[in-house]
Amino acid sequence: MQENCNLELPVIKKKKSENSWSSSKIGVNNSPNEYLLNSPVLVPLIVYHVEVSLLFTLRSNSLDRHSGQVSFPGRIIEKDDNSSIETALRETREEIGVGRENIQVIGKLAPFNTATGYIVNPVVGVIDSLENIRRNEVEVERVFCIPLNWLCVQDHSRMEDFIANDGKTRKVRFFDLYEGELLWGITAKITRDLLEIIKK
């Protein structure tokens with residue numbers, strides 16, 4: 001089933017646009033001193049091959065945690081970070097080389113807890129161009145994009161039983177393979193949460 005995920009991205013400017021797409025759908029929250037154990041991630045929107053797409057990273061197989069998995073740039077807030085937005089932007093620069101001057105933050109999705117005890121805080125932003133991307137070869141194996149219109153197809157994702165490390169079975173979202181990459185778990189949930197807002 002094809003869903004409508006047409007979205008016009010705002011042009012990145014020095015000042016925040018007054019008619020930002022997120023102003024009525026995703027509340028921007030720049031307040032400092034958020035949850036100390038937050039794990040902020042940037043959910044990067046970008047125009048790729050004339051289609052609005054989400055940008056993902058494939059984590060390196062050499063990493064200790066979540067190696068070889070599709071993800072968004074992000075990590076646990078560090079003591080010098082003043083907000084989840086600052087963490088997400090810093091990690092994006094470290095992982096894929098895109099600075100905050102090339103990203104327009106347009107909002108945040110609702111934070112949620114994971115079974116492993118993290119509070120994931122997704123920050124939605126627009127990256128102006130792929131030209132600025134320089135992946136961290138230690139942490140990131142690949143950077144790739146998936147069009148929103150593909151992600152919006154209802155038959156391209158489903159909930160499946162997944163046996164976690166603690167032996168418990170949980171329902172987890174999986175997307176179909178896209179260019180050989182598997183989008184699932186927390187990254188798939190964040191993606192779905194964003195799509196549900198866009199379709200409203």
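The values are calculated or read from the model by the stated rules, or taken from the named source; none is laboratory data. Because the structure is a prediction, the values reported are computed rather than measured. Every residue, glycine as well, gets a Cβ built from its backbone with ideal geometry; the counts of neighbours run over all protein chains shown.
A few notes on this one:
- Residues in the range 121-154 that are assigned to a strand (DSSP E or B), β-branched (Val, Ile, Thr) and either out of contact with any helix residue (DSSP H, G or I) (no Cβ under 6 Å at 6 or more places or on another chain) or closer than 24 Å to Leu7 by Cα (or both): Val123, Val124, Val126, Ile127, Val143, Ile146.
- Qualifying residue in the range 171-181 (condition: at pLDDT 95 or above, over 19 Å from Ile96 (Cβ atoms), in contact with a helix residue (DSSP H, G or I) (Cβ under 6 Å, 6 or more places away or on another chain) and crowded, with 16+ Cβ neighbours inside 10 Å): yes
- The range 159-199, residues that are of a type in the set (D, E, K, R), touching a residue at least 60 places away in the same chain (Cβ under 8 Å) and more than 16 Å from Ala110 (Cα to Cα): Glu181, Lys199
- Identity of the residue in the range 70-96, at pLDDT below 95, touching a Phe, Trp or Tyr at 6+ places or on another chain (Cβ under 8 Å) and in a loop (DSSP other than H, G, I, E, B), that ends up surrounded by the most Cβ atoms within 10 Å (Cβ to Cβ): Ile77
- Residue in the range 138-156 that is exposed (fewer than 14 other Cβ atoms within 10 Å of the Cβ), at pLDDT 95 or above and at negative phi present: yes
- Taking residues in the range 91-118 that are at positive phi, and partners anywhere that are outside any strand (DSSP E or B) and surrounded by 14 or more Cβ atoms within 10 Å (Cβ to Cβ), the pairs with Cβ atoms closer than 6 Å and at least 6 places apart or on different chains are Gly97/Ile133; Gly107/Ser22; Gly107/Ile26; Gly107/Val28.
- Taking (1) within 25 Å of Asn6 (Cβ to Cβ); (2) among the aromatic types (Phe, Trp, Tyr); (3) in a strand (DSSP E or B) in turn, Phe162 satisfies each apart from (1).
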